[in-house]
Every structure is written in structure tokens, then in C-alpha cells.
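Bear in mind these aren't lab numbers, they're just calculated from the coordinates by the rules spelled out. Computed from a predicted model, the values in this text were never measured in an experiment. So basically every Cβ, Gly included, is an ideal-geometry build from the backbone, and we count neighbours across all protein chains shown.
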Amino acid sequence: MKNFFIKMHNKARALNDQNILNMLVVDPNADILDLGCDDGTWTVKVVNKIKTNNIYGIEIVESSAKEAEDKGIKVKISDLNANFPFEDNSFDVIHANQIIEHIAFLDNFLSEVIRVLRPGGYVVMGTENASSWHNIFASLFGWQIFSLSNLSVKKAGLGNPFALHRGDPGASPSWTHKTVFNWRGLKEFFEAHGFTKVEIRGAGYYPLPACFGKFDPRHSHYIQIKGIKRGQAPFLKRNDACPLKST
């Protein structure tokens, strides 16, 4: 039974990733920032879709940041709960896959996203959905929802007997889940921070095939969101200046 759910989870995650790639626009001149870039493996796939070489990242784990740098990503080691180490209006695209649920200070996080994004630029994120059917059924039984069972550094999968990582050692503080959004909450959160043309897609729909999430993102396992910063992009050669802060 566990292997069955693992396979379903992997298919849902694969569709989540594909939805993110489909939301990206080819732009060889784009400057892109990947938040929580880890070792850069997924970042490279994002960059290959956009077809740009101007890639920056933020990562808190030094060993992972080094691996990402070896892949050609300009990485700053920093905590995403703090202010980003980049100048205002530095990027055309910001990406974060399975990151926002790990953030403790959400208003500061999204304020920083819109600060370093250029007018007319866009952000694409993927995260789990608190209103997915498997989370709803977990709540009906009085269990911790699946998406918030990895909440402790002591032990993983707390409060849910069917949690994927139940019994594993607890994650590091940066990997625990703090907030899991519902479909409407995520959309209105982005709009409250000034993003326009907000679009949401879905992936995963237990126990049905992952593609059913496309038709009902309100109850899909994963949701992917895209928002555009208001304003027109300035007429300039975007790569003339390095977006890294000097301090």
C-alpha cells in the first residue's frame, strides 16, 4: 500500500514540475532568481526552459550552494526569512518550487519577491494544497493533514499514521513545514501583495490519476501559481549591472 501511494505521489510531483515549466516563458535575456535552489539540479531544468544563462540563487545549506555553483548558478547563502541580498528591480523571473511552505515570515518573503522583481516581471511557485482531498480526509479523522505532518525537528510524520515520512528522523528547521495554503488563500495572498493576472494550476488528485488535478486545482495535491508585477519593464539592457548587493 505504501509503495502505491509513493508512486502516486511521484506522479503528482512530476506533473507539478511540468506545470511550472509550462508557466515559464522563453527569454534568453532574462535574469532569473531561484529561491531555495538546493544543489541546482531542478534550477538547471528551469533555466533550460527559459533558455537564459543569467541565473542566480539563494540557498541556506552551504554544501548544496556549492553544488549549485558548480552548475553555473550564482548563489548567495542566505535565509529566505530575511531580506534578499539583491538590489531592487533586479530580476525578470523569480521561481520557488516547494519553498513557501517552509517560510516562517510570509509577508516579508513575498514583499522581498516583489521588491527584487522588475516591473512586468513574474514569479512562479509550486506548493502543497491544504484543501487536497487527502488532507481533507485526514482532518475528518482528527489527524494532522499530510502537508503539515513534517512540523518537528524531533520526528517526521507526526499526527498522521499514513504520512509518507512517518518514523523518519525530524527535518532540519529550514525543512519543516510552517504554513500550507488553500487555493483561495494563496491567490488572495499574492493579490494582496500587488501581483496581477494571478493564475493557478493543479497536479495530483488522490486516489485518481495526477492529471485530474488540472481540472480541479482547488482540491489537487499540488498547486502552482504565477503572478505578474504591475508596471512596464524599463527600456534598458538588463544585464549591464550585477544585481548582487555590494554589502
In whole Å, what is the distance between the alpha-carbon centres of segment 103-176 and segment 44-77?
23
At q = 0.24, 0.27 Å⁻¹, what is the log10 ratio I(q)/I(0) for segment 130-178, with the Debye formula run over Cα points and no solvent?
-0.78, -0.93
If every Lys and Arg gets +1 and every Asp and Glu gets -1 at its Cβ, then about the Cα centre segment 1-89 yields a dipole, in debye to the nearest 20, of 680
Could you tell me how many degrees, from 0 to 90 and to the nearest 10, lie between the Cα long axis of helix 2-23 and the main elongation axis, the longest principal axis, of the Cα atoms of the chain?
20
I'd like the GluC sites (Glu not before Pro) in segment 9-98 restricted to DSSP loop residues with at most 16 other Cβ atoms within 10 Å, sorted by number.
E87
Kirkwood Rh for the chain from C-alpha pairs, in Å, is 18.5
Straight distance only, please: which lysines reach the Cα of K214 with their own Cα at less than 20 Å, same-chain residues fewer than 8 apart left out?
K7, K11, K187, K197, K226
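Under a Cβ-only charge scheme (Lys and Arg +1, Asp and Glu -1), can you give me the dipole magnitude of the chain about the Cα centre, in debye to the nearest 20? Can you show the working numbers first?
Numbers: 29 positive and 25 negative charges, 135 e Å.
Approximately 660 debye in magnitude.
Just need the relative contact order of segment 121-199 here, percent rounded to a whole number, with Cα pairs under 8 Å and 6+ apart.
Numbers: 102 pairs, mean separation 19.6, N = 79.
Relative contact order, segment 121-199: 25 percent.
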In Å, what Rg and Dmax follow from the Cα atoms of segment 97-220?
15.5, 46
